[in-house]
Amino acid sequence: MSETVKQSQSFAQPEANTAQTELGSYRHFMQKEIFEQPRAIADSLKGIETVTPAWFGERAAAIFSKIDSVLILACGTSYHAGQAARHWIESLVRLPCHVEIANEYRFRDGVPNPNALVIVISQSGETADTLAALTQAKKLGHTYTLSICNVAASSMMRQTELRYLTRAGAEIGIASTKVFTTQLVALFLLTLALAKERGRLTAEEETFWLRALRRLPSAMQATLELEPQIIAWAKTFAHKAHALFLGRGLNFPIAQEGALKLKETSYIHAEAFPVGELRHGPMALIDDGMPVVATMPNSALFEKTKTVLREARMRGAELFVVADFDTPFTDDDGFHVLRVPEQESLLSPILHAAPLQLLAYHTAVLRGTDVDKPRSLTKSVMEE
Ligand code: G6P
C-alpha cells in the first residue's frame, strides 16, 4: 500500500462506544467532553507520519494545486473554527481565505469564484443553513467542495467531493466543546496539506509542525489541570449579568467561542470584540465590576493589547486573561492571569479554548442551569 493511501482517512464512523455515551464519574456530558479533548486530539493525529492531501480524499492533491482561494461556510461554533483557519491558511499557504456565516451566504447575491475551494464545517453535517449554503455555492458555479464533519454518514459528507471526518467521537452536550478543538486540528492539518501541495512547506517545516501537533494532547491535558483556577473565576462570573470577551487575530475567534459558550450555558449576556474595536464603541459598556476576558498570546501586539486592557481596567473592568506560558505580564498589571503550557504560537489558540469552555461550564453549574440541555437550543438546527 502506498504511503498516501495508507494515510488517507477511512470515512466510516467509528462506533460510539459506551464510554462516550455514559457519564462515568463526571457530573455532566459537557464536563466529560471538555476532558476528552486530549484523547480526541490524539485520535485526530493517530497514524500521521507525513503530511498528505489524501487525508481529504482521492482528488484532493489535484484540487489543492488548482485553487486560487478558499471560502469557508459554517454556523455557530463551526463558524468560529473556520475563522481561526483563515489566519492559518493565509499566513502559511498564502491563499486568500474568506469565512462567512452560512445563513448569510445562502441568501446573499454573492460573486462566485469557480477556482475557490468551498469548505463547509459542521459538527452534525445536517445543519439546514450550511447545507443550503453549499447548494447555493454549487448553484453559483463552485465545483471544488470539501466537508469537515463529525458524522460520517451525514448529508453534508455525501454532498461534497472531498471530505474529512473529525475524530471527536459522539458529542452529547449541546454546547460543542471537543468537536470545536478537533475541527481546529483538522483545519490545521488542511493548512499543512495545502501548503505542502503548493510548494510552501519545506521538509524541515513539515517535521517541525508535526512535532508541535504531537505535543498538543499533553499540553491540552496540562491546560485542563488548571481547572481549580477557573472554578475560582467562575465564582465571580456566576453573579454577573454581562461579560465581554476580547481577542486579536487568531485569538479573536477563540474569544467569540468563549462568549458563545458562556451565553449558551449560563445565560449571561456575553459579547466578543477584537481588542482594537473596544475603543470604537464597546468601551462605553464598561463600568464598575464588568468582567472582561481576554485571550492573549505572547505576540508582537502584546503591548498594544495591554494598553487597551489597562484602559478598560481604569474604567472599572475586572480583567481575566488567558495567556501563553511566556506572555510578559508583571505583578502590577492587576489582571487575573491563567497561563497555558508552552506551545507553538500558531497552535496555542487551541489550548486557549479549553479554559474558556471550563469557565462557561463552571459558571453554568453555579447558576444551576441545565448545562447539557440549555433552554431553547438544539444540538443541530435542521429546520428552516
Ligand atoms: C447549533 C448548535 C451549535 C452549533 C451550530 C452549528 O446552533 O447548538 O452548538 O455550533 O448549531 O451546528 P453544526 O452541526 O453545523 O456544527
Review point. What do you reckon, is Arg94 open to solvent by 10 Å² or more (accessible area, probe 1.4 Å), touching a His at 6+ places or on another chain (Cβ under 9 Å), modelled with pLDDT of 95 or more and more than 19 Å from Met156 (Cβ to Cβ)?
Key: no
Check your understanding: Among the residues of the range 248-255, is any touching a Leu at 6+ places or on another chain (Cβ under 6 Å), open to solvent by less than 20 Å² (accessible area, probe 1.4 Å) and either modelled with pLDDT of 95 or more or of a type outside the set (D, E, K, R) (or both)?
Key -> yes
Revision key, fill the gap. Picking from Glu58, Glu36, the residue that is charged (D, E, K, R), at pLDDT 90 or above and crowded, with 21+ Cβ neighbours inside 10 Å would be Glu36
Review point. Within the bounds of the range 218-235, is there any residue that is modelled with pLDDT of 95 or more, within 30 Å of Ile172 (Cα to Cα) and not in a helix (DSSP H, G or I)?
Key: yes
Review point. Considering Ile174, Ile121, which residue is within 12 Å of the ligand (Cβ to nearest atom) and open to solvent by 10 Å² or more (accessible area, probe 1.4 Å)?
Key: Ile174
Check your understanding: When both residues are 6+ apart or on different chains and their Cβ atoms are under 6 Å apart, which pairs have a first residue that lies in the range 113-141 and is within 14 Å of Glu161 (Cα to Cα) and in contact (Cβ under 8 Å) with a residue 12 or more places away in the chain, and a second that is of a type in the set (Ser, Thr, Tyr) and away from the ligand (no atom under 15 Å from the Cβ)?
Key -> Ala116/Ser69; Leu117/Tyr144; Val118/Thr145
Review point. Is there a residue in the range 153-170 that is out of contact with any Gly (no Cβ under 8 Å at 6 or more places or on another chain), part of a helix (DSSP H, G or I), among the hydrophobic types (A, V, I, L, M, F, W, C) and open to solvent by less than 30 Å² (accessible area, probe 1.4 Å)?
Key: no
**Study point:** Tally, over the range 356-383, of residues that are closer than 18 Å to Gln123 by Cα and either at pLDDT 95 or above or away from the ligand (no atom under 14 Å from the Cβ) (or both)
**Key:** 1
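The values are calculated or read from the model by the stated rules, or taken from the named source; none is laboratory data. In this text, all values refer to a predicted model and were calculated from it rather than measured experimentally. Quick reminder, even Gly has a Cβ in these numbers, built from the backbone with ideal geometry, and neighbours come from all protein chains shown. In case anyone asks, the SASA skips ligands and DNA or RNA and just uses the protein heavy atoms, side chains included. Shrake-Rupley method; radii C 1.70, N 1.55, O 1.52, S 1.80 Å.
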